[in-house]
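As structure tokens, the structure follows; a few thoughts come after it.
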Amino acid sequence: MSATNPIVTTLNVWWKISPRTFFPRLLNALLWLVFCAMGGTGLLLAFRLPPGSRGGRGLSALGLSRHEWGDWHTWLSYAFLAMILLHLALHWRWFWQVAARKKRWPLMLGFGAGLALLIALALQPVSEKGNSKDEGAHHEKERK
């Protein structure tokens, strides 16, 4: 009996994968990693570097402040969104053949609702919160 080397076997499997199956597998692996990083940064921001508890003035993790972790979280979210769109584009045939087998309107309704939610949140008007006089007095008390 000859023992097979698992590393050689793994490399042989990877070398034989066609680009048509390799790219979706790579994309799925990257989606998983970015999803985990996004979740990790979100939990870090929510529980380890909460707003209001010296957030920005003293607390840091791995040398990054709450604001810097927020930037990482935002850019990971952009990357995740781009990869999800690419994933959906790669699997558009599945949507039409399986998900919308009998009726296409539920699929179109879902895509439309998601797109409407994305646009509605992205285009929300912004304004200043509260009375600026009160905020100024609050910040003056903190400085003293």
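Here the condition is being in a helix (DSSP H, G or I), modelled with pLDDT of 80 or more and of a type in the set (V, I, T); of T9, T41, it holds for T41 alone. All of W94, W69 fail the test of being closer than 26 Å to P24 by Cβ and without any contact (Cβ under 8 Å) to a residue 60 or more places away in the chain, apart from W94. Exactly one residue out of A61, A79 is of a type outside the set (D, E) and in contact (Cβ under 8 Å) with a residue 40 or more places away in the chain: that is A79. Checking L107, L44 one by one, the residue that is of a type outside the set (S, T, N, Q) and touching a strand residue (DSSP E or B) at 6+ places or on another chain (Cβ under 8 Å) is L44 and no other.
The values are calculated or read from the model by the stated rules, or taken from the named source; none is laboratory data. Since we're looking at a predicted model, the values are computed, not measured. Ideal geometry is used to build each Cβ from the backbone, glycine not excepted, and the neighbour counts take in all protein chains shown.
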